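The values are calculated or read from the model by the stated rules, or taken from the named source; none is laboratory data. Computed from a predicted structure; not experimentally measured. When we count neighbours, we look across all protein chains shown, and the Cβ atoms used for this are built from the backbone with ideal geometry, even at glycine.
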Amino acid sequence: MKGTILGDGFISGEDGKRYSYNPSEIQNLQGRDPQALSGVRVDFEASADENGKKVAKAIFITMGAMQKFDFTNINSNDIMGVRLKMLISMLLYLLTCIPFAWIPFAGILFFIIAVILEFISIFRLNQLAGSQTLFRNCIISTLISIFVCGIVAFISFFDIAIRIIRIMSESIGGASVLIVFGIAVGIFWFKYTYNYYNELSKLSGKRLFFYAFCTKVAAVLLCLTYVGFIVGVPLYYISIILIIAAWWQFREIHTSSYQRVETN
């Protein structure tokens, strides 16, 4: 059941009834002051003691109390702090692709900051949700993306790389190695990226994360072709916008949905 801590030892449940609770039943205090939880949203198991009094068990904090969207939340350790850092990270990803001729290496700088913010945010969300896979999937998906982008950039800027690939592709064995390697990298990227966005979708209760994943995959596939590249790049921007919209709506952790993900 969902509810709100009233601050006087009681939780107001969504059924309109009050449940007493012991702070020891809160599973994810994470350094919070048990006496300063008024207004905090929680999930809990409704139960009763030996006297028939309504009590809350297995309490899980899902959202901070009356949090506003402002930059003072960026150092917060709750879901609102995670949300703000991720929104900034996604905006920086968008800026990475916008040319800033007057700022040397602006795109690289924005990209590095975006990646760092994303890792910090997902690591914290991983802790809040008690996940065993979220941060790992994020790390592997991002590193594979960086690796592929690095190869593309290397090929684009250095003629020697193009020559090596051309020589390899001229032989049957070399071409086979390149094809197998590309397919393997693609499969790994798809697997860990799907798991990452699927878990975010279940954890937040927002299907926009999954739609963003589908859009990103379509963009990548289109960019592999010369003609599709024209459509693939704008589609990639759309996927980032969908991710921003999903994080904007991410206000609380849906523990029941998350537990289903862990058991699948």
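Tabulated data
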item	result
Wholly within the range 72-173, helices (runs of 4 or more DSSP H) carrying at least 3 residues that are modelled with pLDDT of 70 or more and either under 20 Å from Glu199 (Cα atoms) or assigned by TED's automatic domain parsing to the domain that holds Val40 (or both)	79-96, 106-129, 134-157
Counted residues, the range 178-237 - those being closer than 26 Å to Ile122 by Cβ and outside any helix (DSSP H, G or I)	3
Selection count, the range 19-36, where residues are surrounded by 15 or more Cβ atoms within 10 Å (Cβ to Cβ) and over 26 Å from the mean Cα position of the chain (by Cα)	3
Unmet requirement for Phe181, which otherwise passes all of (1) over 16 Å from the mean Cα position of the chain (by Cα); (2) at pLDDT 85 or above	(2)
